[in-house]
Amino acid sequence: MRLFTAAFFAAALVASPLHAAPGRWTRIGPEGGDVCALAAAPSRPGLVYAGLRAGGVFRSGDRGKSWTFAGGGLRRFNSTCALAVDAVAPGTVWAGTNQGLFKSTSSGAAWTAVPSLSEEPVTVIAVVAHPRQRGIAWVALRTGGLFQTRDGGASWKPLRNGLPTGLTVAQIALDPHDTRELLLLAAPAFGSVYKSSDGGASWRRRASGLGEAVAQSLAVDAGSSATVYAATNRVLASPAGVFAGSAEGVAVSADRGVSWQTGRGLLAVRVSDLAISDQDPPRLYASHFNHLWKTASRGASWLSITPNVAPQGFSLGPVAVDPVNPETIYAGFIGVFTRSTDGGASWALLAPGIVPGVLAFHPRVEGLAYAALPGAIGRRPAEA
């Protein structure tokens, strides 16, 4: 049996037939991704955009049931953690990234930088569009600036009255029922909420009442200004439902958070290592931080086989399959090795204290493994 391993860092797992034309790849999963921004089109409630820390932008036209990639033209390695949709033109989208502000007028098919905001690329951490008037938007920069445009991004006006000097804004929320009402979620502590009733001309601090919860986003309910959502991840409240974005992807609730569903097609998991065993059908294993997936259908469906014996919060690194016995899988976390002898159904801890970088197995001797360690290569002898 042959075993191939590859260590890489990608926004999604992609596959290409051996004899396909160069450069032709297809996303195959796993489902999900680290979603850090959500935005809906006011004129089309079912149209939702999701921004990711790595992987660009995805679009759903059916209330989150299915997703398609919409990040073509964004700069490589962009972290897109701020999104807004124009009130009148649902194909016009603002994207705040770690390399500046971008705008699309084609529903994400193509993007162009907005140079009028800053001469140098800056990190845009929040953006919100007026829910009824075209071309009006607000943005917040990591450097502490809060700005407004009324001409589609051609020019910007700073808004800092009533806000503490040097305040970093984590997110901007707009009351869709009264566009004079703006809410700011302040950093670094988060949970500090500022409110403006005059479109940002002046501000006052509001007690959050969140206790020890560390809120990272705000959303005003589509049905009532009196209801405001605060989330430890990303939350979006629209007539189409409540959307929550996290490291697992996007979940949708049609009953104000009582129950949740996830869609298909958001393929932006950052895979850190993969292993392929030459079985019939072949098994493909993909690791991402604290998750491990397995597919026997070339990516058509995935099964989570994350080891449950490793300490919580530890990052998952390399994964490898014994070429002699493909039911034996090794997965390395920071500080520990784990092993499964039943194809990932159960796991056991091995070799505490080792921090592996890459795993490889002898092609003919069962249990003989090599691991790249800091400053050396380690060898695990075959099992007795």
Out of the residues in the range 103-127 that are crowded, with 22+ Cβ neighbours inside 10 Å and outside any loop (DSSP other than H, G, I, E, B), state the one that is modelled with the highest pLDDT. S104
Residue, nearest to W25 (Cα to Cα), within the range 249-307, restricted to residues that are assigned to a loop (DSSP other than H, G, I, E, B) and aromatic (F, W, Y): W302
Which residue pairs have Cβ atoms under 7 Å apart, sit 6 or more places apart or on different chains, and have a first residue in the range 112-124 that is assigned by TED's automatic domain parsing to the domain that holds L83 and a second that is among the hydroxyl-bearing types (S, T, Y) and surrounded by 15 or more Cβ atoms within 10 Å (Cβ to Cβ)? V124/T97
Identify all residues within the range 239-258 that are surrounded by fewer than 22 Cβ atoms within 10 Å (Cβ to Cβ), within 25 Å of G56 (Cα to Cα) and small (G, A, S); write none if there are none. A240, S246, A247, A251, S253
Taking the range 37-56 and keeping residues at pLDDT 90 or above and over 19 Å from A87 (Cα atoms) leaves L52
Given the condition at pLDDT 85 or above, buried (at least 17 other Cβ atoms within 10 Å of the Cβ), of a type outside the set (D, E) and over 24 Å from A247 (Cβ atoms), answer yes or no: does some residue in the range 335-357 qualify? yes
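The values are calculated or read from the model by the stated rules, or taken from the named source; none is laboratory data. What you see is a predicted model, and the numbers here were worked out from it, not measured in a lab. Using ideal geometry, Cβ is built from the backbone for each residue, glycine included, and neighbour counts are taken over all protein chains shown.
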